[in-house]
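In what follows, a structure is listed as C-alpha cells, so that the remarks can point back to it.
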Amino acid sequence: MGEIPLDILALQILTGIALGCIFVLVATGLTLIFGLLNVVNFAHGAFYAAGAYLGVFAFGYTGSFWLSLFIVPLGMAAVGMVTERVLLRPIYGRGMSYPLLLTFGVGYVLVELIRILFGTDGLPFSSPPELRGSILLGDIAFPLYRLFVMAFTAALLTSLWFLIEKTPFGLIIRAGARDAEIVKVLGIDTSKVWLLIFALGTAVAGIAGFLAAPMRGVIPEMGVTVLIEAFVITVVGGMGSLPGAVIAGLLLGIVVSLTSYFAADFSNIVMFAIMAIVLLVRPQGLLGRPEAAR
C-alpha cells in the first residue's frame, strides 16, 4: 500500500469526529442516568430511536428542522419523566437487576409501538436545505450537516458541563451522586432531582437520534446497535464519567471511521477489541474511579 494522502486521512478523521459526536451524545445520556441514579438503562437505545421518529414526525407536521430540534428534547424529556415516575421509582432500592429488566421491557415495548405507528420499513429523512452541500476546509470538501452536528454537540456538552459544575442544581446532582442520604438529611427532595436527571438523559438520547437520522437512517431497530455502542463507550470512558464518555466517544468514532476506510472487514469489531484491551489494562475505564470497576 502506498503513501496515504493527507487529505483522505483528514477527511476520515473529521468523519470519525462527526460519528463520534453521535456516540458521545448517546453515551452522555446513558452515563448521566447510570452515574447519578445507578440505573443500567436498557431502554436508552429505544429512546434514541423514538427521538428520531418524533423528530421526523414533527418535521413532517411543522416543515421546520429547527422547530423539530426544539420539540424532540421536550417530548423525550416528557417520556423520560413518565418512565421514571411511573415505572422506575417504585423499584428503587431493590437491586440493579430490577431496573435493568424493566428498562429492557420498556425498550422492547417502545420499538414495537414505533413499528405499529410508523411501519417496519423505516422513513426517509435528509438534512435541511440550509445544511446540505459541502464546505471547503483547505483542500477537503466536508458535508456541512456533519459540521453542524459537531458544533451542536460541542454547544450541548458545554451547556451540560455548566449545568452540572457551575449551578446550584448541579451541586445537588454531584452531592446526590456521592451520598443521596446526606442530601436528603439537608432537606432536599432527591426524588425531583432523579426525575429531572432521567428526563435530561432521555432528552439527550432523543436529540442524538434526531441528529443521526440524516446520517444513519431512520428504522425501528436503529436503537439496538447504538445501545451496544453506547455501552462500549461508557465502559471504555469509565462508568459514570461524563468526561470519559466524551473522550471515548470521539476516540472510538475516529477509530471506526479509519478502520472502515482502511480495513472495512474489521470495522464492526474494532470497538469491542478496544474495550477488551481497556478492561484488561485499566478495568475502571479511562477516567472512571477504581471503585467503579469492582
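The values are calculated or read from the model by the stated rules, or taken from the named source; none is laboratory data. This structure is a prediction, so every number in the text was calculated from the model and none was measured. Every residue, glycine among them, receives a Cβ derived from its backbone with ideal geometry; neighbour counts consider all protein chains shown. Please note that ligands, DNA and RNA were not included when accessible areas were found on the heavy atoms of the full protein model with its side chains. Shrake-Rupley method; radii C 1.70, N 1.55, O 1.52, S 1.80 Å.
Observations, loosely collected:
- Options R178, R216: the member that is out of contact with any Phe, Trp or Tyr (no Cβ under 8 Å at 6 or more places or on another chain), under 17 Å from N38 (Cα atoms) and at pLDDT below 90: R178
- Filter pass, F57 being touching a helix residue (DSSP H, G or I) at 6+ places or on another chain (Cβ under 9 Å) and open to solvent by 30 Å² or more (accessible area, probe 1.4 Å): yes
- Meets criteria (among the hydrophobic types (A, V, I, L, M, F, W, C), touching a Ser or Thr at 6+ places or on another chain (Cβ under 8 Å), open to solvent by 30 Å² or more (accessible area, probe 1.4 Å) and under 24 Å from F65 (Cα atoms)) for L144: yes
- Pairs where the first residue, in the stretch 95-121, is within 16 Å of L227 (Cβ to Cβ) and the second is of a type in the set (S, T, Y), C-beta under 7 Å, 6+ apart: V106/T83; I114/Y53
- Which numbered condition T167 misses (of (1) farther than 24 Å from G51 by Cα; (2) touching a residue at least 12 places away in the same chain (Cβ under 8 Å); (3) of a type in the set (V, I, T)): (2)
- Residue in the stretch 278-290 that is modelled with pLDDT of 90 or more and within 15 Å of A208 (Cβ to Cβ) present: no
- Subset of the stretch 1-51 [over 21 Å from G107 (Cβ atoms) and out of contact with any Gly (no Cβ under 9 Å at 6 or more places or on another chain)]: M1, G2, E3, I4, P5, L6, I8, L9, L11, Q12, I13, L14
- Applying the condition of being closer than 16 Å to H44 by Cα and among the acidic types (D, E) to the stretch 80-124 and asking which residue is least open to solvent (accessible area, probe 1.4 Å) yields E84.
- Set S64, S127: member being of a type in the set (S, T, N, Q), surrounded by 13 or more Cβ atoms within 10 Å (Cβ to Cβ) and closer than 30 Å to A10 by Cβ: S127
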